[in-house]
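Please read the structure below before turning to the comments.
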Amino acid sequence: MPGRVKADLKGVPETALWTLYHRAAEAARPDAVLADPRAVQLIGEVDFPFRDRLGGARPWLAQAIALRALGFDGVVRAFLTAHPDGTVIALGEGLETQFWRVDNGRADWVTVDLTDPLALRRRLLPHGARQRLVACDVRDSQWMAGIDPSRGVLVTAQGLMMYLQPAQATQLIAACAGAFPGGSMVFDTVSRRFSARTRTGAKGPGGHRLPPMPWGMDAADRDRLRTAHPAISDVSDVPLPAGRGVLGYLAPRAAALPLLRGDRPLITRLRFGTAPARLTGCP
Ligand SMILES: C[S@@+](CC[C@H](N)C(=O)[O-])C[C@H]1O[C@@H](n2cnc3c(N)ncnc32)[C@H](O)[C@@H]1O
């Protein structure tokens, strides 16, 4: 397709196209729960057989992915209200267009992803002076080098943590807690049962086979995250915002519903106290 940027991602990096596809499908609706014209535009600029490789974007799943993004947007907006000159670090950001949804014109934004998805992002999206792209595996703390924690830091990890091994997820959380005193982190997780299903190679809820998700966590496990690092001062739930129809009604109420309470995706926010920090690493 002339004029389009070819996307040749496989495995876990390909999931960046999967989430973009669903967010854009939702955002293109007249009754969308998420306003994201940049994502809709992006779909037309990528040379990738979305339908053949990922199947159709089912409307309920597109809305669910968009509500997750909206939940993250709410946390970022609250952070930027409290720290207008702070730094948002988006781990595993893929082709997320959140910057263009929430930017306040002052904050710094650091995108961290693996080499190939990051190169694709760089070609597709117009990054400005306050945006930095770091090609690094999040399991390697070199991505932290050069980040100034003094004006406030929020680390986001949307659609990332489930692809790590449980011990790697805990190490990443601990590294962030140690490196960004006074900062916070927000991430989503799949349930233990869902994680187990992906490890058997079962198809996901959209009929597409997603890569294995080794880390699953249930709501009952959440408080144990405190033990990852002594600087973690608070662990809290970020409820999904309300949306459209039955799914949109149930989304913010899932924690109270017996059938969904124990086996559902979660968004969790951690706050870090002011333990001493030492940032080391390569540039
Ligand atoms: C499901 S996509 C989510 C992308 C984006 N956050 C979103 O919500 O649309 C997962 C992203 O995490 C990235 N990723 C997975 N494992 C990673 C790792 N170990 N280090 C850095 N990025 C990673 C993938 O390349 C991909 O961009």
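The values are calculated or read from the model by the stated rules, or taken from the named source; none is laboratory data. If you're wondering where the values come from, they're calculated on a predicted model, not measured in any experiment. Please note: Cβ atoms are built from the backbone with ideal geometry, for glycine as well, and neighbour counts cover all protein chains shown.
Within region 203-235, being in a helix (DSSP H, G or I) and either at positive phi or not charged (D, E, K, R) (or both) holds for A219, A220, L225, T227, A228.
Taken over region 245-257, the residue count meeting the criterion of being surrounded by 15 or more Cβ atoms within 10 Å (Cβ to Cβ) and either free of Cβ contacts under 8 Å to residues at least 12 places away in the same chain or hydrophobic (A, V, I, L, M, F, W, C) (or both) is 4.
From the list D137, D116, the one residue that fits, being part of a loop (DSSP other than H, G, I, E, B), within 14 Å of the ligand (Cβ to nearest atom) and not basic (K, R), is D137.
Here region 58-94 is the region considered, the condition is being touching a His at 6+ places or on another chain (Cβ under 9 Å) and within 16 Å of the ligand (Cβ to nearest atom), and the residue that is nearest to L172 (Cα to Cα) is I65. Taken over region 225-244, residues that are without any contact (Cβ under 8 Å) to a residue 24 or more places away in the chain and out of contact with any Phe, Trp or Tyr (no Cβ under 8 Å at 6 or more places or on another chain) amount to 2.
I'm trying to understand the selection: among the residues of region 104-113, which are outside any strand (DSSP E or B) and either free of Cβ contacts under 8 Å to residues at least 24 places away in the same chain or closer than 12 Å to D137 by Cα (or both)? Once the filter is applied, which keeps residues that are outside any strand (DSSP E or B) and either free of Cβ contacts under 8 Å to residues at least 24 places away in the same chain or closer than 12 Å to D137 by Cα (or both), region 104-113 yields only G105. Taking the criterion of being touching a helix residue (DSSP H, G or I) at 6+ places or on another chain (Cβ under 8 Å) and either of a type outside the set (D, E) or buried (at least 19 other Cβ atoms within 10 Å of the Cβ) (or both), the residues of region 209-229 that qualify are L210, P211, P212, M213, P214, W215, G216, M217, A219, L225, A228, H229. Candidates are the residues of region 26-83 that are assigned to a loop (DSSP other than H, G, I, E, B), out of contact with any strand residue (DSSP E or B) (no Cβ under 8 Å at 6 or more places or on another chain) and surrounded by 20 or more Cβ atoms within 10 Å (Cβ to Cβ); the one that is modelled with the lowest pLDDT is A57. Residues in region 144-171 that are in a helix (DSSP H, G or I), in contact (Cβ under 8 Å) with a residue 60 or more places away in the chain and under 24 Å from A78 (Cα atoms): M144, P149, R151.
Report whether or not L172 is at pLDDT 95 or above and within 12 Å of the ligand (Cβ to nearest atom). Against the criterion (at pLDDT 95 or above and within 12 Å of the ligand (Cβ to nearest atom)), L172 qualifies.
Is at least one residue of region 246-264 at pLDDT 95 or above, among the charged types (D, E, K, R) and either in contact with a Ser or Thr (Cβ under 8 Å, 6 or more places away or on another chain) or not in a loop (DSSP other than H, G, I, E, B) (or both)? No, the conditions are met nowhere in region 246-264. For region 1-32, the set of residues classified as out of contact with any Lys or Arg (no Cβ under 6 Å at 6 or more places or on another chain), hydrophobic (A, V, I, L, M, F, W, C) and away from the ligand (no atom under 11 Å from the Cβ) consists of M1, A7, A25, A27, A28, A32, listed by residue number.
Entry remark, region 1-13: residues being in contact (Cβ under 8 Å) with a residue 60 or more places away in the chain and either assigned to a loop (DSSP other than H, G, I, E, B) or not small (G, A, S) (or both) number 6 in total.
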